[in-house]
Amino acid sequence: MTSDALVTAIRGPILLITLGALMALDQTDRVSFGRTWPVLLILFGVFKLMERAGARNA
Amino acid sequence: MKRGSLVGPLLLIGIGGLFLARNVFPDLQLLDYLARYWPLLLILWGGLRLLEILIWTATAKPLPAQGISGGEWVLVIFLCMFGASLHAVRGFSTWFPRSGIELGGLEVFGQSFEYPVSGEAATSKTPKIVLESFRGNARIVGADVQMVKVAGRNTVRSLDQQAAERANREAGFEVSGDANQVVIRANQNRISGNLRMTADLDITVPKGASITARGRGGDFDIHGITGSVEIDSDNASVRLEDIGGEVRAELRGSDIVRALNVQGGIELKGRGSDIDLQNIQGPVTVNGNFSGVTQFHNLAKPLRFITAYSEFAVEKLPGDVRIAIGDLSASNLIGPVRFTSTRSWDLRLNNFSNSLEINQNGGDVDLRPGSLPLAKIDVRKRTGRIELALPAAAKFDLTATTNQGEISNDFGGILTFDPGRHGRGRSLHGGNGGATVNLTTDRGDIVVRTGLASDSEPAARAAEGKTPAASKPPVQVEQ
């Protein structure tokens with residue numbers, strides 16, 4: 001149960017760091033945010049999956 | 001008791017520290033730094049929060065239900081919008097007005113379909129060529145012909161082939177007009193739906209032709225014509241070579257404007273990035289926000305470079321000017337030279353003749369007038385250092401004043417200090433009856449020394465090592 005709570009807790013910060021990294025990439029003109037934003041969706045989905053896995057174990 | 005995060009207070013301290021830093025060092029371009037580095041704030045914020053949660057886990061403290069609360073996400077979104085618009089306004093990149101977030105996904109899912117296009121029309125020797133509603137790449141070359149010949153292809157980016165074919169038909173590429181005016185229409189604005197169309201055209205025109213291009217964007221590569229060029233485009237890269245007439249371009253987000261060997265004048269307006277103009281016989285005016293690197297070389301007529309906050313004018317430029325954000329260096333200029341700005345700029349002017357007038361807010365100024373006799377020099381700024389290197393034989397009448405800072409006299413005995421005159425400030429004056437040289441800064445150091453206009457400082461010093469003025473020890477005044 002603790003690991004489940006940990007996953008929900010660190011979900012926000014990790015998404016935030018990713019968002020920051022994508023924005024930084026965008027600013028350096030390497031990859032535009034218009035191309036990389038789906039990464040956020042994927043990450044969100046992965047977190048949801050981890051949450052489910054945690055719930056099943058409990 | 002609900003325990004709050006450390007990150008909120010830390011953010012407050014950080015913001016307070018930034019504003020304090022700006023008050024202490026007014027030269028600091030806080031907005032520029034913010035515009036450039038704001039994504040790091042997001043990363044820092046997330047990183048701190050993550051660290052905090054990991055520490056809480058390790059010490060078996062209760063974890064919050066959400067790592068980042070709803071309120072904080074709202075703040076993040078505001079920060080993103082603020083950062084992105086600041087970034088766009090300061091002009092470091094162009095993604096904001098150009099694309100935004102591409103939800104259509106054509107770039108990802110679509111396919112490219114290509115269709116050849118061509119057309120020709122007989123013309124007089126000096127026709128006017130008009131490119132209407134154009135998006136794509138156009139290479140226009142002048143030749144000894146009396147016709148306009150267009151060859152190239154349309155590229156349609158679409159999800160399926162039928163739609164692409166229909167779009168190509170709908171657009172209906174056409175070349176029309178009479179002997180004096182030929183209109184080339186790509187008609188990309190006609191197509192509807194989820195499609196994107198660009199044209200790649202090779203256009204051969206008579207040498208005497210004049211070109212007018214209007215459109216959403218693309219690359220224009222024009223060379224070898226004696227007429228004028230006029231471009232009005234959203235996102236255009238413009239490359240011009242051997243143009244006989246006037247060049248006018250109004251751009252709203254160009255990557256580069258490069259012109260080589262133009263007999264007429266050049267007028268650039270709008271927004272964009274890099275500019276590179278060389279061997280221009282007519283007057284050059286650049287007016288707008290060009291945020292990249294701007295370079296000028298060998299301009300025979302006056303140059304005016306105008307931005308929202310600054311203006312730089314030179315009468316003639318046999319040498320070079322290089323301008324990047326907040327930094328201007330120039331050598332071999334013929335004045336009157338004038339620079340006015342409400343922003344901070346570092347200026348390095350090397351080998352200029354005739355009068356010089358600088359009126360600016362902050363930044364360092366490094367002046368090395370080359371040729372004698374010296375003309376009038378007038379520098380006024382609020383903050384920042386001024387360094388002036390005068391040839392040992394120069395005739396001048398100098399007054400240097402700082403209200404807060406040091407003046408060092410590396411020139412020699414004809415200059416004397418006058419401490420009491422400006423309260424707690426310093427003033428240095430003297431001369432041998434020549435041009436008026438006036439250096440004023442509210443806050444900053446002033447250095448007056450001997451030196452020639454040369455890029456290599458040691459060489460300049462060695463060259464004048466024999467002169468009596470240079471052999472005297474520098475006189476320095478402590479503040």
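Summary table
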quantity: Top-ranked residue of segment A:9-32 - restricted to ones that are among the charged types (D, E, K, R) and at the interface with chain B (Cβ under 7 Å from one of its Cβ atoms), ranked as surrounded by the fewest Cβ atoms within 10 Å (Cβ to Cβ); calculated: A:Asp29
quantity: Subset of segment B:135-165 [open to solvent by 20 Å² or more (accessible area, probe 1.4 Å), touching a helix residue (DSSP H, G or I) at 6+ places or on another chain (Cβ under 9 Å) and part of a strand (DSSP E or B)]; calculated: B:Arg157
quantity: Those residues of segment B:354-380 which are touching an Asp or Glu at 6+ places or on another chain (Cβ under 9 Å) and open to solvent by less than 10 Å² (accessible area, probe 1.4 Å), in sequence order; calculated: B:Leu356, B:Ile358, B:Gly362, B:Gly363, B:Val365, B:Leu367, B:Ile377, B:Val379
quantity: Tally of residues being facing chain B (nearest Cβ under 10 Å) and in a helix (DSSP H, G or I) across segment A:37-46; calculated: 1
quantity: Out of B:Leu347, B:Leu374, sole residue that is in contact (Cβ under 8 Å) with a residue 40 or more places away in the chain and on the phi < 0 side of the Ramachandran plot; calculated: B:Leu374
quantity: Every pair of residues 6+ apart whose Cβ atoms lie under 8 Å, when the first sits in segment B:43-62 and is among the basic types (Lys, Arg) while the second is surrounded by 16 or more Cβ atoms within 10 Å (Cβ to Cβ); calculated: B:Arg49/A:Gly12; B:Arg49/A:Pro13; B:Arg49/A:Leu16; B:Arg49/B:Ser5; B:Arg49/B:Val7; B:Arg49/B:Gly67; B:Arg49/B:Ile68
quantity: Output for segment B:189-217, where each listed residue is open to solvent by less than 20 Å² (accessible area, probe 1.4 Å) and modelled with pLDDT under 85; calculated: B:Met197, B:Gly215, B:Gly217
quantity: Odd one out for B:Gly172 among (1) in contact with a strand residue (DSSP E or B) (Cβ under 6 Å, 6 or more places away or on another chain); (2) open to solvent by less than 40 Å² (accessible area, probe 1.4 Å); calculated: (1)
quantity: Segment B:299-319, residues that are surrounded by 17 or more Cβ atoms within 10 Å (Cβ to Cβ) and over 12 Å from the mean Cα position of the chain (by Cα); calculated: B:Leu299, B:Pro302, B:Leu303, B:Phe312, B:Ala313, B:Val314, B:Glu315, B:Lys316, B:Leu317, B:Gly319
quantity: Residues being in contact with a Gly (Cβ under 8 Å, 6 or more places away or on another chain) and open to solvent by 50 Å² or more (accessible area, probe 1.4 Å) - total across segment B:288-297; calculated: 2
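The values are calculated or read from the model by the stated rules, or taken from the named source; none is laboratory data. All values derive from a computational prediction rather than experimental measurement. With ideal geometry, Cβ positions are generated from the backbone for all residues, glycine too; neighbour counts draw on all protein chains shown. Surface areas here come from the heavy atoms of the whole protein model, side chains and all, with no ligands, DNA or RNA. Shrake-Rupley method; radii C 1.70, N 1.55, O 1.52, S 1.80 Å.
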